[in-house]
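Q: One structure, as structure tokens, below. Some questions next.
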Amino acid sequence: MTQSGDFNIVPFVSVDNMMKLVLHLGPERVMTDLADYIEADFRRWESFDKTPRVASHSDVGVIELMPTSDGEMYGFKYVNGHPKNTREGLQTVTAFGLLAEVDTGYPILLTEMTILTALRTAAMSALAAKHLAPRGATTMAMIGNGAQAEFQALAFKAICGVTHLRLYDVDSVATRKCETNLAGSGLNLTACANAEEAMEGAEIITTCTADKQLATILTDNMVGSGVHINAVGGDCPGKTELHRDILLRSSIFVEYPPQTRIEGEIQQLDRNHPVTELWQVITGRAMGRTDARQITLFDSVGFAIEDFSALRYIHDQLQVLPYSEPLDMIADPDDPRDLYGMLLRAKAKAA
């Protein structure tokens, strides 16, 4: 529901207000809360409209729309992915989102989602690991130390109990940035010279790189038995991080197969290669980790229901927190049939 009777006024969360909200609550709490919201929505998975995101690809990146509805509320996210942007001093990923009432079609929230997407991506990763990672896992290798790395690290600390983080990036500046940002977080940090070193003793392996190509960040010989792989970076056609042989040795878990088979690591496999939908694990309809030597792989690409959960969470927080501003977004004529008359009255008032 809207926050007041002024249906033309929509709460807008700017970047500044999103940062204030996150800092007020604390990033770890926000990601823990987001994981709870996502899990709750995954438990009612069958209530949602589901479709692969609508993507517009170019040689330099992709622009996407991610819509869904549970029949009461409708949400969408606009998001881009442009790996070249980093070299130009720009964000690789930017986003904004909207939540609306299905009953009226009126929006009830407009918000930045660049920061929120980073938070929900990490929350989703940690939620999957909570159900799939080896029991008692405390050490994670973080391959790729860019914009998403700190969020992943703190989410796994808060939700999964990770205490030791082994860092590697081809750009040592990114690793030093990550170390600086996570100083005082309570995580035991180790900067590593290469990916193989980062994976020594790791029970969880997170890959989160940005190059738009069929890359091989992990080769088959680098991955031993009994680990959980959180593959975040492969999220569009022609962009992967793992050698195909790793996939063939793994039990693969995905969000929404029609989207993941196009965009995820499993684009490398036959269309009928078996995968398990994570919502089925969460609801007990399917098994997650069943063996201590099993390699579990969460082929993360991001799905609209997760963004819906994040929008729902922010909308709920705004019922008690002041971190939004009113946006005069919807035309509100005295007579709904007289929109042109509203223009004329505005003209007369300005004269």
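The values are calculated or read from the model by the stated rules, or taken from the named source; none is laboratory data. Note that the structure is predicted; figures quoted are calculated from it, not measured. Note: ideal-geometry Cβ built from the backbone for every residue, glycine included; neighbour counts use all protein chains shown.
Yes or no, residue by residue, for (1) among the β-branched types (V, I, T); (2) touching a strand residue (DSSP E or B) at 6+ places or on another chain (Cβ under 9 Å); (3) without any contact (Cβ under 8 Å) to a residue 12 or more places away in the chain:
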| position | (1), (2), (3) |
| --- | --- |
| L116 | no, yes, no |
| A122 | no, no, no |
| L127 | no, no, no |
| A133 | no, yes, no |
| T138 | yes, yes, no |
| G144 | no, yes, no |
| F151 | no, no, no |
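Q: Kindly evaluate K130 against the criterion of being surrounded by fewer than 20 Cβ atoms within 10 Å (Cβ to Cβ), at pLDDT 95 or above and assigned to a helix (DSSP H, G or I).
A: Numbers: surrounded by fewer than 20 Cβ atoms within 10 Å (Cβ to Cβ): yes; at pLDDT 95 or above: yes; assigned to a helix (DSSP H, G or I): yes.
Considered against the rule, which asks whether it is surrounded by fewer than 20 Cβ atoms within 10 Å (Cβ to Cβ), at pLDDT 95 or above and assigned to a helix (DSSP H, G or I), K130 comes out as yes.
Per-residue answers, yes or no, for (1) touching a residue at least 60 places away in the same chain (Cβ under 8 Å); (2) surrounded by fewer than 23 Cβ atoms within 10 Å (Cβ to Cβ); (3) in contact with a Ser or Thr (Cβ under 7 Å, 6 or more places away or on another chain); (4) under 30 Å from S250 (Cβ atoms):
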{"residue": "S58", "(1), (2), (3), (4)": "no, yes, no, no"}
{"residue": "H82", "(1), (2), (3), (4)": "no, yes, yes, yes"}
{"residue": "T86", "(1), (2), (3), (4)": "yes, yes, yes, yes"}
{"residue": "G89", "(1), (2), (3), (4)": "no, yes, no, no"}
{"residue": "G97", "(1), (2), (3), (4)": "yes, no, yes, no"}
{"residue": "A100", "(1), (2), (3), (4)": "no, yes, no, no"}
{"residue": "P107", "(1), (2), (3), (4)": "yes, yes, no, no"}
{"residue": "E112", "(1), (2), (3), (4)": "yes, yes, yes, no"}
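Q: Same structure again: Any idea how many residues of segment 316-336 are part of a loop (DSSP other than H, G, I, E, B) and either acidic (D, E) or modelled with pLDDT of 95 or more (or both)?
A: Taking segment 316-336 first, the residues part of a loop (DSSP other than H, G, I, E, B) are 318-324, 329-336.
Then keep just the ones that are either acidic (D, E) or modelled with pLDDT of 95 or more (or both); that gives 318-324, 332, 334-335.
Looking only at that region, the number is 10.
Q: For segment 56-68, give me each residue that is part of a strand (DSSP E or B) and out of contact with any helix residue (DSSP H, G or I) (no Cβ under 8 Å at 6 or more places or on another chain).
A: The initial filter retains those residues of segment 56-68 that are part of a strand (DSSP E or B), namely 56-57, 62-68.
Passing the criteria: S56, H57, V62, I63, E64, L65.
Q: What's the number of the condition K177 fails, among (1) at pLDDT below 95; (2) assigned to a helix (DSSP H, G or I); (3) of a type in the set (K, R)?
A: (1)
Q: Which number in (1) in contact with a helix residue (DSSP H, G or I) (Cβ under 8 Å, 6 or more places away or on another chain); (2) touching a residue at least 40 places away in the same chain (Cβ under 8 Å); (3) surrounded by fewer than 19 Cβ atoms within 10 Å (Cβ to Cβ); (4) hydroxyl-bearing (S, T, Y) marks the one condition that Y37 misses?
A: Condition (3) is where Y37 drops out.
Q: Return the pair list, or none, for Cβ contacts closer than 6 Å from residues in segment 61-78 that are without any contact (Cβ under 8 Å) to a residue 40 or more places away in the chain to residues that are among the small types (G, A, S), at least 6 apart or on different chains.
A: These pairs meet every condition: I63/S56; E64/A55; Y74/A100.
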